[in-house]
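The values are calculated or read from the model by the stated rules, or taken from the named source; none is laboratory data. Computed from a predicted model, the values in this text were never measured in an experiment. For neighbour counting, all protein chains shown are included, and Cβ atoms are generated from backbone atoms with ideal geometry for every residue, glycine included. Heavy atoms of the whole protein, side chains included, go into the accessibility calculation; ligands, DNA and RNA do not. Shrake-Rupley method; radii C 1.70, N 1.55, O 1.52, S 1.80 Å.
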Amino acid sequence: MMILEHLEKKKNILVVSHIQPDGDALGSMLAMGLFLEKLGKTVTMFNENQVPAIYRFLPQMHRIVQSYEDINKFDAAIILDCGDLKRIGEIYRVIEHIPLILNIDHHSTNTKFGHYQLINPDACATVEIIYHLIKEVGITIDLDIAYSIYTGILTDTGSFRFQNTNGDSFKIAMEMIELGVQPYLVASKVYDTYSLGRIKLLNMVLDSIELSANGKMSIMLLTSDMLKETGIKIEDVDGLINYAKQIEDVKVAALIQEISKNTGKQVNGSKGLFHVSLRSNGGLDVSSIALVHGGGGHKTAAGFSIESTLLDIKNEMFCISERL
Ligand SMILES: [Mn+2]
(Lines give C-alpha, C1' and ligand atoms only; values in the text may rest on other atoms or scores of the structure.)
Protein backbone atom coordinates (compact mmCIF):
# COMPACT_ATOMS: atom_id res chain seq x y z
CA MET A 1 0.00 0.00 0.00
CA MET A 2 1.28 3.43 -0.88
CA ILE A 3 1.89 5.54 2.23
CA LEU A 4 -0.33 8.43 1.08
CA GLU A 5 -3.35 6.12 0.78
CA HIS A 6 -3.57 6.34 4.56
CA LEU A 7 -4.57 10.00 4.08
CA GLU A 8 -7.55 9.19 1.89
CA LYS A 9 -10.17 10.00 4.51
CA LYS A 10 -8.09 12.68 6.26
CA LYS A 11 -8.84 16.31 5.66
CA ASN A 12 -6.76 18.51 7.93
CA ILE A 13 -3.06 17.70 7.74
CA LEU A 14 -0.07 19.01 9.66
CA VAL A 15 3.23 18.96 7.78
CA VAL A 16 6.29 19.39 9.96
CA SER A 17 10.08 19.02 9.77
CA HIS A 18 13.08 19.41 12.05
CA ILE A 19 14.18 22.41 14.09
CA GLN A 20 16.89 24.64 12.62
CA PRO A 21 15.52 23.69 9.21
CA ASP A 22 17.86 23.33 6.25
CA GLY A 23 17.06 23.39 2.54
CA ASP A 24 15.77 19.81 2.56
CA ALA A 25 13.58 20.30 5.63
CA LEU A 26 12.00 23.42 4.14
CA GLY A 27 11.88 22.07 0.60
CA SER A 28 10.21 18.85 1.69
CA MET A 29 7.63 20.69 3.81
CA LEU A 30 6.72 22.98 0.93
CA ALA A 31 6.77 20.27 -1.74
CA MET A 32 4.63 17.94 0.39
CA GLY A 33 2.31 20.68 1.64
CA LEU A 34 1.63 22.17 -1.79
CA PHE A 35 1.22 18.68 -3.26
CA LEU A 36 -1.36 17.73 -0.61
CA GLU A 37 -3.28 20.92 -1.36
CA LYS A 38 -3.49 19.84 -4.97
CA LEU A 39 -5.08 16.65 -3.63
CA GLY A 40 -7.72 18.78 -1.89
CA LYS A 41 -6.34 18.64 1.64
CA THR A 42 -6.24 21.49 4.14
CA VAL A 43 -2.58 21.84 5.11
CA THR A 44 -0.67 23.57 7.89
CA MET A 45 3.11 23.66 7.39
CA PHE A 46 4.73 24.09 10.77
CA ASN A 47 8.31 24.55 11.87
CA GLU A 48 9.44 25.55 15.34
CA ASN A 49 12.04 27.93 13.89
CA GLN A 50 11.67 30.71 11.39
CA VAL A 51 12.76 30.21 7.81
CA PRO A 52 16.51 31.07 7.67
CA ALA A 53 17.31 34.24 5.71
CA ILE A 54 19.05 32.38 2.87
CA TYR A 55 15.88 30.36 2.18
CA ARG A 56 13.41 33.23 2.11
CA PHE A 57 13.51 33.25 -1.70
CA LEU A 58 11.54 29.98 -1.74
CA PRO A 59 8.15 30.59 -3.31
CA GLN A 60 5.41 30.04 -0.69
CA MET A 61 7.91 30.13 2.19
CA HIS A 62 5.44 32.41 4.02
CA ARG A 63 3.20 29.34 4.28
CA ILE A 64 5.58 27.89 6.87
CA VAL A 65 4.28 29.02 10.24
CA GLN A 66 5.66 28.91 13.80
CA SER A 67 2.31 28.47 15.53
CA TYR A 68 -0.92 26.54 15.14
CA GLU A 69 -4.39 26.98 16.58
CA ASP A 70 -5.23 23.65 18.12
CA ILE A 71 -3.35 20.38 17.80
CA ASN A 72 -6.64 18.45 18.08
CA LYS A 73 -7.95 19.86 14.81
CA PHE A 74 -5.47 17.85 12.74
CA ASP A 75 -6.45 14.37 11.67
CA ALA A 76 -3.02 13.46 10.33
CA ALA A 77 0.59 14.62 10.57
CA ILE A 78 3.44 14.07 8.13
CA ILE A 79 6.88 14.34 9.66
CA LEU A 80 9.62 14.98 7.13
CA ASP A 81 13.42 14.68 7.18
CA CYS A 82 13.54 13.70 10.89
CA GLY A 83 15.56 10.70 12.10
CA ASP A 84 13.69 10.73 15.38
CA LEU A 85 10.52 12.34 16.63
CA LYS A 86 12.20 14.80 19.00
CA ARG A 87 13.84 16.52 16.03
CA ILE A 88 10.55 18.37 15.43
CA GLY A 89 11.14 20.34 18.64
CA GLU A 90 8.73 21.02 21.50
CA ILE A 91 5.68 20.05 19.43
CA TYR A 92 6.74 16.41 19.89
CA ARG A 93 5.15 16.55 23.35
CA VAL A 94 1.64 17.02 21.89
CA ILE A 95 1.99 15.33 18.51
CA GLU A 96 0.44 12.11 19.85
CA HIS A 97 -2.91 13.96 19.96
CA ILE A 98 -2.92 13.55 16.19
CA PRO A 99 -4.42 10.15 15.35
CA LEU A 100 -2.25 9.35 12.32
CA ILE A 101 1.46 10.06 12.01
CA LEU A 102 3.40 9.40 8.81
CA ASN A 103 7.19 9.39 8.89
CA ILE A 104 8.93 10.16 5.58
CA ASP A 105 12.70 10.39 5.75
CA HIS A 106 16.12 9.42 4.37
CA HIS A 107 18.22 9.15 7.57
CA SER A 108 19.70 5.65 7.99
CA THR A 109 19.29 5.94 11.78
CA ASN A 110 15.55 6.66 11.56
CA THR A 111 13.84 5.27 14.68
CA LYS A 112 10.71 4.31 12.68
CA PHE A 113 8.43 6.42 14.85
CA GLY A 114 4.87 7.08 13.77
CA HIS A 115 2.13 4.78 12.46
CA TYR A 116 3.52 4.36 8.95
CA GLN A 117 6.99 5.00 7.58
CA LEU A 118 8.57 5.61 4.21
CA ILE A 119 12.31 5.63 4.80
CA ASN A 120 14.86 5.44 2.02
CA PRO A 121 18.48 5.96 3.14
CA ASP A 122 19.57 5.79 -0.51
CA ALA A 123 17.64 8.94 -1.34
CA CYS A 124 19.98 11.94 -1.46
CA ALA A 125 17.32 14.10 0.22
CA THR A 126 13.81 13.78 1.61
CA VAL A 127 12.60 15.84 -1.36
CA GLU A 128 13.77 13.00 -3.61
CA ILE A 129 11.31 10.67 -1.85
CA ILE A 130 8.54 13.27 -2.17
CA TYR A 131 9.35 13.73 -5.86
CA HIS A 132 8.75 10.01 -6.42
CA LEU A 133 5.47 10.15 -4.44
CA ILE A 134 4.21 13.03 -6.57
CA LYS A 135 5.15 11.11 -9.72
CA GLU A 136 3.39 7.99 -8.44
CA VAL A 137 0.18 9.90 -7.76
CA GLY A 138 0.51 11.59 -11.14
CA ILE A 139 0.17 15.23 -10.10
CA THR A 140 1.88 17.89 -12.22
CA ILE A 141 4.84 19.56 -10.53
CA ASP A 142 4.34 23.34 -10.65
CA LEU A 143 7.14 25.90 -10.39
CA ASP A 144 6.71 26.45 -6.63
CA ILE A 145 7.06 22.72 -5.95
CA ALA A 146 9.94 22.52 -8.44
CA TYR A 147 11.89 25.21 -6.53
CA SER A 148 11.28 23.32 -3.28
CA ILE A 149 12.52 20.01 -4.69
CA TYR A 150 15.51 21.57 -6.45
CA THR A 151 16.61 23.45 -3.31
CA GLY A 152 16.35 20.33 -1.14
CA ILE A 153 18.53 18.34 -3.51
CA LEU A 154 21.06 21.13 -4.05
CA THR A 155 21.59 21.80 -0.35
CA ASP A 156 21.46 18.21 0.99
CA THR A 157 24.07 17.12 -1.58
CA GLY A 158 26.22 20.20 -0.81
CA SER A 159 25.83 21.32 -4.42
CA PHE A 160 26.31 17.78 -5.74
CA ARG A 161 29.56 17.33 -3.81
CA PHE A 162 28.62 15.06 -0.86
CA GLN A 163 28.69 11.26 -0.88
CA ASN A 164 24.89 11.02 -1.07
CA THR A 165 24.97 12.59 -4.55
CA ASN A 166 23.61 10.07 -7.04
CA GLY A 167 22.36 9.93 -10.60
CA ASP A 168 18.83 10.75 -9.45
CA SER A 169 20.10 13.96 -7.83
CA PHE A 170 21.13 15.24 -11.26
CA LYS A 171 18.14 13.77 -13.12
CA ILE A 172 15.59 15.32 -10.78
CA ALA A 173 17.48 18.64 -10.65
CA MET A 174 17.53 18.66 -14.44
CA GLU A 175 13.79 18.04 -14.59
CA MET A 176 13.16 20.90 -12.15
CA ILE A 177 15.29 23.21 -14.32
CA GLU A 178 13.24 22.18 -17.34
CA LEU A 179 10.14 23.14 -15.35
CA GLY A 180 11.54 26.66 -14.95
CA VAL A 181 13.82 26.65 -11.89
CA GLN A 182 16.72 29.07 -12.33
CA PRO A 183 19.87 27.45 -10.86
CA TYR A 184 21.71 30.76 -10.58
CA LEU A 185 18.90 32.33 -8.57
CA VAL A 186 18.93 29.49 -6.03
CA ALA A 187 22.74 29.33 -5.81
CA SER A 188 23.09 33.08 -5.35
CA LYS A 189 20.51 33.16 -2.56
CA VAL A 190 21.73 30.05 -0.74
CA TYR A 191 25.49 30.47 -1.10
CA ASP A 192 26.27 34.08 -1.96
CA THR A 193 23.97 36.34 0.01
CA TYR A 194 25.23 36.55 3.58
CA SER A 195 24.84 39.36 6.07
CA LEU A 196 28.00 41.03 7.31
CA GLY A 197 27.37 39.44 10.72
CA ARG A 198 27.34 35.99 9.19
CA ILE A 199 30.67 36.61 7.43
CA LYS A 200 32.16 37.86 10.74
CA LEU A 201 30.78 34.77 12.45
CA LEU A 202 32.53 32.65 9.83
CA ASN A 203 35.77 34.42 10.74
CA MET A 204 35.24 33.56 14.42
CA VAL A 205 34.42 29.88 13.90
CA LEU A 206 37.34 29.46 11.46
CA ASP A 207 39.60 30.95 14.09
CA SER A 208 38.33 28.39 16.63
CA ILE A 209 39.39 25.35 14.58
CA GLU A 210 41.70 22.88 16.31
CA LEU A 211 43.21 19.75 14.82
CA SER A 212 43.76 16.42 16.56
CA ALA A 213 47.37 15.32 17.12
CA ASN A 214 47.29 13.13 14.00
CA GLY A 215 45.64 15.87 11.96
CA LYS A 216 42.74 13.64 10.98
CA MET A 217 40.03 15.38 12.95
CA SER A 218 39.11 19.04 13.11
CA ILE A 219 37.01 20.64 15.80
CA MET A 220 35.17 23.90 15.27
CA LEU A 221 33.45 25.87 18.00
CA LEU A 222 30.31 28.00 17.90
CA THR A 223 29.49 29.75 21.18
CA SER A 224 26.43 31.76 22.16
CA ASP A 225 28.76 34.75 22.67
CA MET A 226 29.76 34.56 18.99
CA LEU A 227 26.09 34.64 17.99
CA LYS A 228 25.45 37.55 20.33
CA GLU A 229 28.42 39.52 19.07
CA THR A 230 27.51 39.09 15.41
CA GLY A 231 23.75 39.30 15.86
CA ILE A 232 23.23 36.01 14.04
CA LYS A 233 20.28 33.79 14.90
CA ILE A 234 20.75 30.10 15.58
CA GLU A 235 18.73 29.17 12.48
CA ASP A 236 21.17 31.09 10.25
CA VAL A 237 24.34 29.09 10.98
CA ASP A 238 23.87 26.13 8.65
CA GLY A 239 26.89 24.93 6.67
CA LEU A 240 29.74 26.28 8.82
CA ILE A 241 31.06 22.80 9.58
CA ASN A 242 31.90 22.18 5.94
CA TYR A 243 34.86 24.55 6.26
CA ALA A 244 36.32 22.39 9.03
CA LYS A 245 36.02 19.35 6.78
CA GLN A 246 37.83 20.98 3.86
CA ILE A 247 41.21 20.86 5.60
CA GLU A 248 43.58 18.40 3.92
CA ASP A 249 43.98 15.03 5.70
CA VAL A 250 40.90 15.69 7.86
CA LYS A 251 38.66 12.61 7.84
CA VAL A 252 36.11 13.78 10.39
CA ALA A 253 35.04 17.29 11.34
CA ALA A 254 33.08 18.20 14.47
CA LEU A 255 31.22 21.43 15.15
CA ILE A 256 30.52 21.92 18.84
CA GLN A 257 27.69 24.38 19.19
CA GLU A 258 26.85 25.84 22.58
CA ILE A 259 23.09 25.86 23.06
CA SER A 260 22.98 27.12 26.65
CA LYS A 261 25.46 27.54 29.47
CA ASN A 262 25.61 28.38 33.12
CA THR A 263 26.06 32.12 32.98
CA GLY A 264 29.05 33.76 34.59
CA LYS A 265 31.38 30.81 34.27
CA GLN A 266 34.13 30.19 31.80
CA VAL A 267 32.87 28.34 28.70
CA ASN A 268 35.63 25.75 28.82
CA GLY A 269 34.93 24.52 32.33
CA SER A 270 31.22 24.94 32.94
CA LYS A 271 28.61 22.34 32.08
CA GLY A 272 26.15 23.38 29.45
CA LEU A 273 23.97 22.03 26.69
CA PHE A 274 25.84 21.52 23.43
CA HIS A 275 24.96 20.26 19.99
CA VAL A 276 27.68 18.36 18.18
CA SER A 277 27.53 18.06 14.39
CA LEU A 278 29.79 15.53 12.69
CA ARG A 279 30.91 15.20 9.09
CA SER A 280 32.93 12.31 7.73
CA ASN A 281 34.60 11.55 4.41
CA GLY A 282 32.97 8.11 4.60
CA GLY A 283 35.76 6.18 6.35
CA LEU A 284 34.15 6.45 9.77
CA ASP A 285 30.37 6.09 10.13
CA VAL A 286 29.63 9.17 12.26
CA SER A 287 25.97 8.20 12.75
CA SER A 288 27.22 5.42 15.08
CA ILE A 289 28.91 8.05 17.29
CA ALA A 290 25.76 10.17 17.26
CA LEU A 291 23.59 7.15 18.14
CA VAL A 292 25.64 6.46 21.28
CA HIS A 293 24.60 9.92 22.51
CA GLY A 294 20.94 9.60 21.50
CA GLY A 295 21.34 11.45 18.22
CA GLY A 296 21.48 10.14 14.68
CA GLY A 297 21.94 10.97 11.03
CA HIS A 298 23.74 9.53 8.06
CA LYS A 299 27.07 7.71 7.62
CA THR A 300 28.76 10.96 6.56
CA ALA A 301 26.66 13.56 8.42
CA ALA A 302 25.22 13.16 11.90
CA GLY A 303 24.66 15.00 15.14
CA PHE A 304 23.67 14.75 18.78
CA SER A 305 22.96 16.93 21.80
CA ILE A 306 24.86 16.51 25.04
CA GLU A 307 25.01 18.09 28.47
CA SER A 308 28.67 18.28 29.33
CA THR A 309 31.64 20.61 29.43
CA LEU A 310 33.35 21.84 26.32
CA LEU A 311 36.59 20.28 27.50
CA ASP A 312 35.02 16.83 27.97
CA ILE A 313 33.40 16.94 24.54
CA LYS A 314 36.68 17.97 22.91
CA ASN A 315 38.53 15.18 24.71
CA GLU A 316 35.99 12.61 23.57
CA MET A 317 36.29 13.82 19.98
CA PHE A 318 40.07 13.68 20.10
CA CYS A 319 39.84 10.10 21.45
CA ILE A 320 37.74 9.21 18.41
CA SER A 321 40.39 10.79 16.16
CA GLU A 322 42.86 8.11 17.29
CA ARG A 323 40.71 5.54 15.47
CA LEU A 324 41.04 7.42 12.18
MN1 LIG B 1 17.64 15.75 4.49
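Things worth noting here:
- Restricting the calculation to Cα atoms, the stretch 1-112 yields a radius of gyration followed by a Dmax of 13.0, 39 Å.
- Counting only protein heavy atoms and a 1.4 Å probe, the chain has 45 square angstrom of accessible area per residue.
- Between 0 and 90°, nearest 10: helix 310-321 axis offset from the chain longest Cα axis: 80 degrees
- Cα point-scatterer Debye curve for the stretch 114-222, base-10 log of I(q)/I(0) at q = 0.18 Å⁻¹: -0.95
- The packing ranking, built from the mean of other Cβ atoms within 10 Å per residue, places the peptides 5-12, 146-153 in the order 146-153, 5-12, highest first.
- Descending semi-axes in whole angstrom, ellipsoid equivalent of the chain, from the Cα gyration tensor: 33, 22, 19
- Of all accessible heavy-atom area on the chain, the percent that carbon and sulfur account for (1.4 Å): 50 percent
- Gyration tensor over alpha-carbon atoms, the stretch 3-191, equivalent ellipsoid semi-axes in Å: 24, 17, 17
- Percentage of interatomic Cα-Cα distances in the stretch 196-321 larger than 21 Å: 35 percent
- Under-5 Å amide H pairs with ILE101, H placed in peptide plane, nonlocal only: ALA77, HIS115, TYR116
- Oblate is the label for the stretch 162-261, because a/c, from the alpha-carbon gyration tensor with a ≥ b ≥ c as root eigenvalues, is 1.5 or above and a/b does not exceed b/c.
- Protection-proxy order for peptides 177-185, 122-130, each taking the mean of Cβ atoms within 10 Å per residue, highest first: 122-130, 177-185
- Counted over the stretch 50-100 with a bin width of 5 Å, the fraction of Cα pairs per bin, in whole percents, is 4, 16, 22, 25, 18, 11, 3.
- With the helix formula -39500 (n - 2.57) applied to DSSP H stretches of n ≥ 4, the chain reaches a computed 222 nm mean residue ellipticity of -10000 deg cm²/dmol.
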